[in-house]
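A short write-up of the structure that comes next.
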């Protein structure tokens, strides 16, 4: 039994997918380098599974409380592999690195200086969606600093806000916004007992499910899954 465990550990440490190792050349962000390195050893982030024989990547997403599986062919060249995996990480699994958050702030500032978008409007009229996401990242970062939390919790709070909008616990009218800055969000509060933020919509206050209990509704299940996924990625144990 002990020998089997050792053999399994050795197998999991081996590089299995050289094309994913090649993909590492196209980023300097250590967060993504570590994740790609794990993927090359067949240790993909939660929600993603790779079938090498079919060269197919299966990604489970949660849209409006409905689980859905996306199927993608993983290119065998380094650049194509990198582009596909980053699409999966960023768009389908909503993963962000600290550098991604900094880049979002930079892009928002560039857009502001160039007047590429009209920031002086109501939140519900602000476009494109990418600009809104940049602004929400800035808001999340500011809140995390205000309450003295870990900088990496910015991603956790950002995801909670996104889920609140997705499941209609937050509406456009809940955002106090002016000229590129969200100042507050009605229905999002800091809970001292949880030492984190909670959504306080019609379904009740929550931030995540504790003690691995089964959630009573789709939103709690999704928040729990996303937060666990964030903790996994932040520790690079995928």
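The values are calculated or read from the model by the stated rules, or taken from the named source; none is laboratory data. Since we're looking at a predicted model, the values are computed, not measured. Glycine gets a Cβ as well: all are built from the backbone with ideal geometry, and neighbour counts include every protein chain shown.
Between 113, 105, the distinction of being at pLDDT below 90 and within 25 Å of residue 190 (Cα to Cα) belongs to 105 only. Residues that are under 25 Å from residue 37 (Cβ atoms), surrounded by fewer than 20 Cβ atoms within 10 Å (Cβ to Cβ) and touching a helix residue (DSSP H, G or I) at 6+ places or on another chain (Cβ under 8 Å): does segment 120-133 have at least one? The answer is no, given that none of the residues of segment 120-133 is under 25 Å from residue 37 (Cβ atoms), surrounded by fewer than 20 Cβ atoms within 10 Å (Cβ to Cβ) and touching a helix residue (DSSP H, G or I) at 6+ places or on another chain (Cβ under 8 Å). Of the strands (runs of 3 or more DSSP E) lying entirely inside segment 154-223, those carrying at least 1 residues that are buried (at least 19 other Cβ atoms within 10 Å of the Cβ) and modelled with pLDDT under 90 are 196-201, 204-206.
A single member of 53, 48, 40, 23 is over 26 Å from the mean Cα position of the chain (by Cα), in the same structural domain as residue 80 (by TED's automatic domain parsing) and either modelled with pLDDT of 95 or more or over 21 Å from residue 152 (Cα atoms) (or both), and it is 53.
Kindly provide the set of residues from segment 56-98 that are assigned to a strand (DSSP E or B) and modelled with pLDDT of 90 or more, ordered by number. Once the filter is applied, which keeps residues that are assigned to a strand (DSSP E or B) and modelled with pLDDT of 90 or more, segment 56-98 yields 56, 57, 58, 59, 71, 72, 73. In the same structural domain as residue 160 (by TED's automatic domain parsing) and part of a loop (DSSP other than H, G, I, E, B) - does that describe any residue in segment 99-113? There is no residue in segment 99-113 that is in the same structural domain as residue 160 (by TED's automatic domain parsing) and part of a loop (DSSP other than H, G, I, E, B).
Against the conditions (1) touching a residue at least 40 places away in the same chain (Cβ under 8 Å); (2) surrounded by fewer than 19 Cβ atoms within 10 Å (Cβ to Cβ), residue 139 satisfies every one except (2). Note on segment 7-20: residues that are exposed (fewer than 14 other Cβ atoms within 10 Å of the Cβ) and either outside any helix (DSSP H, G or I) or at pLDDT 95 or above (or both) amount to 2.
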